[in-house]
Amino acid sequence: MSQLFERLHVLLALLAIWLFSTAGQVHLANRIHANAGFWDYNHIALGVVTALLSLCFLYKCCRLGQWRLYFGWCVGQFSPIINDLRQLKNKQLPAAGAPGLLTFIEGFGLILMVLVGLTGCAWLLTQGSSMAMTLRACHIDLASALFWYLIIHAIASFSHFLEMLR
């Protein structure tokens with residue numbers, strides 16, 4: 001199980017890339033239609049797996065008190081975020097892996113990924129009902145936000161990689 005925890009980040013990234021790149025082939029509305037094909041079932045199956053793994057990743061990131069790194073602002077710990085914003089003003093990148101702006105942003109991404117998975121699973125459980133289309137719309141909106149978040153996350157990660165090379 002610990003090896004899975006160590007590889008969750010990469011596995012979730014690969015699954016997200018696959019789900020985003022194949023989403024255009026998915027034709028689902030308020031239920032799985034009679035002519036559903038490979039892409040529809042692939043998206044549902046891998047989406048459920050991704051939703052479960054995103055909950056595991058949230059647990060991995062928050063266990064043993066680490067939740068304070070990502071969600072310290074929930075208990076009024078704003079000073080690390082403010083300090084990082086001041087550093088940015090002085091053209092210094094915030095420290096990765098420490099409480100502050102980057103982990104605040106990563107916490108936002110964790111919640112966003114879990115919400116995408118939960119709305120997708122909720123759609124699956126409520127398909128055929130009046131609620132299914134609302135959940136589908138929420139799922140698509142959250143997935144769109146996650147898409148842009150992941151692009152920003154990748155750019156920020158790359159900038160830290162370049163910083164380490166200097």
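No lab work stands behind these numbers, since they all come straight from the coordinates. Values in this document were obtained by computation on a predicted structure and should not be read as measured data. Glycine gets a Cβ as well: all are built from the backbone with ideal geometry, and neighbour counts include every protein chain shown.
The table below gives the values:
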| read-out | value |
| --- | --- |
| Loop-located trypsin sites (Lys or Arg not before Pro) in the range 6-69, at most 16 other Cβ atoms within 10 Å (DSSP) | 31 |
| Net charge dipole size for the range 2-165 [Lys, Arg +1 and Asp, Glu -1 on Cβ; Debye, nearest 20] | 240 |
| Inter-label distance, nm, simple model (7 Å from Cα along the C-beta direction), residue 56/residue 38 | 2.6 |
| Segment residue 10-residue 108, length gained on full extension (0.36 nm per residue, minus Cα span) | 33.5 nm |
| Sites matching chymotrypsin sites (Phe, Trp or Tyr not before Pro) across the range 126-166 that sit in DSSP coil, with at most 13 neighbouring C-beta atoms within 10 Å | none |
| Highest-fluctuation residue, 139, 27, 43 considered, GNM on the chain with Cα pairs under 10 Å | 27 |
| Choice from 130, 54, 79 showing the highest fluctuation, given a GNM over the chain with Cα pairs closer than 10 Å | 130 |
| Distance (nanometres) between label positions extended 7 Å along Cα→Cβ at residue 48 and residue 77 | 3.7 |
| Over the chain: helical MRE at 222 nm, DSSP H runs n ≥ 4 each giving -39500 (n - 2.57), nearest 500 | -26000 deg cm²/dmol |
| Helix 38-62 vs. the chain, principal-axis angle (Cα, 0 to 90°, nearest 10) | 30 |
| Label-point gap, in nm, between residue 157 and residue 95 - each point 7 angstrom along Cα→Cβ | 2.2 |
| Crossing angle, helix 101-126 versus the chain [Cα axis fit, 0-90 degrees, rounded to tens] | 10 |
| Residues 40, 141, sorted so that the one with the fewest Cβ neighbours within 10 Å comes first | 141, 40 |
| Given charges at Cβ of Lys, Arg, Asp, Glu: the chain dipole, positive-most of 12, 88, 120 | 88 |
| Rel. contact order, % - alpha carbon contacts under 8 angstrom, at least six apart, the range 2-165 | 23 |
| For the chain, built as a Gaussian network whose Cα springs stay under 10 Å, the top-fluctuating residue of 49, 75, 26 | 75 |
| Structure-derived Cα extents along the principal axes in Å: which label, when the choices are [x] 57, 35, 34; [y] 67, 53, 19; [z] 105, 39, 27 | [x] |
